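In what follows, a single structure is set out as structure tokens and then discussed.
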Amino acid sequence: MTRNDKQFIQFVKDECKKYGVKCKLRNSKYVKLSNTIMCSGWFDSDKQELVVAMNRPDALDILVHEYAHLTQWQDSLNGKFDLWEASATSLNRVDAWLNGKRIHHVKHHLGISRDLELDNEKRSVKIIRKFKLSIDIPSYIKKANAYAHFYNWMYYTRRWSKPTNSPYNNKIVIDAMSTRFNMRYDEMSKKVYKAFHAANI
């Protein structure tokens, strides 16, 4: 971990304190988001907490991603980012759908959730550049594109990925992604669909 990386971690802790957010950087590989979802981290504006599993090779990537969500939340409070409020409803509907409830217009809610994450990933890359972090940007963008498309893929599977086979860690999926934010995100191309299908995510 570089000096810049360590300074960024402290910066996130300071920002969380500034906005009254609990910063929980856990010495674990995964954190439990809900009964059905194990993940690497989250930011929750209702509970006002930022949680990241730090005992993993991509911990810094995850921290950047979750901090970027904090910036979305702050921008929404300042009237600069409308998607945050809309996504709160959609993310809850998606979660209920994954838990077996019947939800109308689920594709619409998956799309709003995807667009929130895509905006967040673009913010994340700006943060990586700003703080000169030791994260390979083309590689990060490939993972970011995989994560955005995962919300499209869930429409077909109706399930969250297993911690051991996430879209941003599966080589088959990553290899099908662009190193830039220049993909079509409102639907999956045949190439992207085939990659997710082959990866069995």
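Coordinate-derived values only; no laboratory data. Treat the numbers as computed from the prediction; the structure is a model and nothing was measured. Here the Cβ is made from the backbone with ideal geometry for all residues, glycine too, and neighbour counts use every protein chain on show.
What to note about this one:
- Cut-off under 5 Å, modelled amide H: who pairs with Phe81 long-range: Ser76
- Taking a ≥ b ≥ c as the square roots of the eigenvalues of the Cα gyration tensor, the range 150-201 is oblate, since a/c reaches 1.5 or more and a/b is not larger than b/c.
- DSSP beta bridges in the range 3-199 [antiparallel fraction, %, rounded to 5]: 55
- Listed residues Gln48, Gly100, Phe196: farthest to the positive end of the dipole of the chain (Cβ charges): Phe196
- Peptides ranked, highest mean first, by Cβ atoms within 10 Å: ranges 172-185, 109-122: 109-122, 172-185
- Take 89-100, 155-166 and order them by the average number of nearby Cβ atoms within 10 Å per residue, most first; the result is 89-100, 155-166.
- Cβ crowding within 10 Å averaged over residues, with 126-137, 142-153 ranked highest first: 142-153, 126-137
- Ellipticity estimate at 222 nm from DSSP helix runs (n ≥ 4, -39,500 (n - 2.57)) divided over the chain, nearest 500: -18500 deg cm²/dmol
- Scaled against 2.2 N^0.38 Å for its residue count N, the alpha carbon radius of gyration of the range 11-131 is 1.07.
- Lys, Arg +1 and Asp, Glu -1 on Cβ, resulting dipole of the chain about Cα centre, debye, nearest 20: 500
- Cβ crowding within 10 Å, taken as a proxy for footprinting-reagent exposure, orders Arg123, Arg56 from fewest neighbours to most as Arg56, Arg123.
- Top of Tyr140, Tyr19, Tyr168 by mean-square fluctuation, Gaussian network on the chain, Cα under 10 Å: Tyr19
- When each of Lys80/Lys126; Lys171/Lys191; Lys126/Lys190; Lys32/Lys130; Lys24/Lys126 is checked by Cα-Cα distance, pairs over 20 Å: Lys126/Lys190; Lys32/Lys130; Lys24/Lys126
- Where no second cysteine Cβ lies under 4.7 Å, the cysteines concerned in the chain: Cys39
- For the range 1-40, applying the loop criterion from DSSP together with a ceiling of 15 other beta carbons within 10 Å to the trypsin sites (Lys or Arg not before Pro) yields Lys29.
- Farthest toward positive dipole pole in the chain [+1 Lys/Arg, -1 Asp/Glu at C-beta], among Leu33, Pro163, Thr71: Pro163
- About its Cα centre, the range 1-112 has a charge dipole of approximately 380 debye under the convention of +1 per Lys or Arg Cβ and -1 per Asp or Glu Cβ, with nothing else charged.
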